[in-house]
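The numbers here are math on the coordinates, done by the rules we state, and not lab data. The structure presented is a predicted model; accordingly, all values stated were derived computationally and were not measured. Cβ atoms come from the backbone with ideal geometry, glycine included; neighbour counts cover every protein chain shown.
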Amino acid sequence: MIKVEFHGHSCVQLTGGEHSLIIDPFLSDNPDARIMPDSVRVQHVLLTHAHSDHIQDAAAIALNNDAQLIAIHELANYMSWQGVRTQDMNIGGKLSLGYAEVHMVQAFHSSGIVLPDEQRIIYAGMPAGLILKWEGKTILHAGDTNLFSDMKLIGERFDIDLAFLPIGDLYTMGPEDAALAAEWLKAKLVVPVHYNTFELISQDGEAFVELLGKRGIQGRALKPGESIEL
């Protein structure tokens, strides 16, 4: 059994037995978060890309837990300069965590660390999606992405039990494209993420679930702090 907790925005935590990992931790400046970084207990921190609303608390959580951080090559190197224990990987690769297997797949977005005081942006590698195989289940965190046709290939390659898909629009795909993505991915259950954190990405999660239902797909709009079990 895997416990799936939604911490708001795109941050999810997965726990199975004695093991736990967190993906894209954005808690400190997230008004919807119900948990703060110093209370997170995990063995691994996984990142899809380098934008601040996905990595803000990654270093702190990794250091507090002596947890290994997994990210694409450039971002993993950046995090290692902050004293974090890292393992880099790249799109198309897979990595064993001992208790789970991580596959890195493509996403279409941007990825960079903005340093406003220096008016500088650090290149942080390609954005990615993450597929976890754990306890006989397959879970996709799509990261920030638009709709792209190779989602059909991902759906054929992996038997996806749960997919986290962004629906906020403006910076990612919106609800209509996300519903089509869910169909192409053949996901058994879809949870929307990356919406309502800010006014510019306001969406109706329940309306998205209804949109999925019209395509014969099960959806669940989790509120921050809510969890489900697989």
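Overview of results
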quantity: Rounded to 5, the percent of DSSP beta bridges in the chain classed as antiparallel; calculated: 60
quantity: Hydrodynamic radius of the stretch 1-150 per Kirkwood, over alpha carbon pairs, in Å; calculated: 15.3
quantity: DSSP beta bridge pairing in the stretch 1-127, given as percent antiparallel to the nearest 5; calculated: 60
quantity: Sum of side-chain charges, F6 neighbourhood, beta-carbon under 14 Å (Lys, Arg +1; Asp, Glu -1); calculated: -1
quantity: Relative contact order computed over the chain (Cα-Cα under 8 Å; 6+ residues apart), in percent; calculated: 18
quantity: At most 13 other Cβ within 10 Å, DSSP loop - chymotrypsin sites (Phe, Trp or Tyr not before Pro), the stretch 39-99; calculated: W81
quantity: Value of Rg/Rh across the stretch 65-219 [Cα atoms, Kirkwood radius]; calculated: 0.99
quantity: Helix-only CD estimate at 222 nm, as mean residue ellipticity for the chain, using -39500 (n - 2.57) per DSSP H run (n ≥ 4); calculated: -5500 deg cm²/dmol
quantity: Radius of gyration and Dmax over the Cα atoms of the stretch 175-230, both given in Å; calculated: 11.2, 32
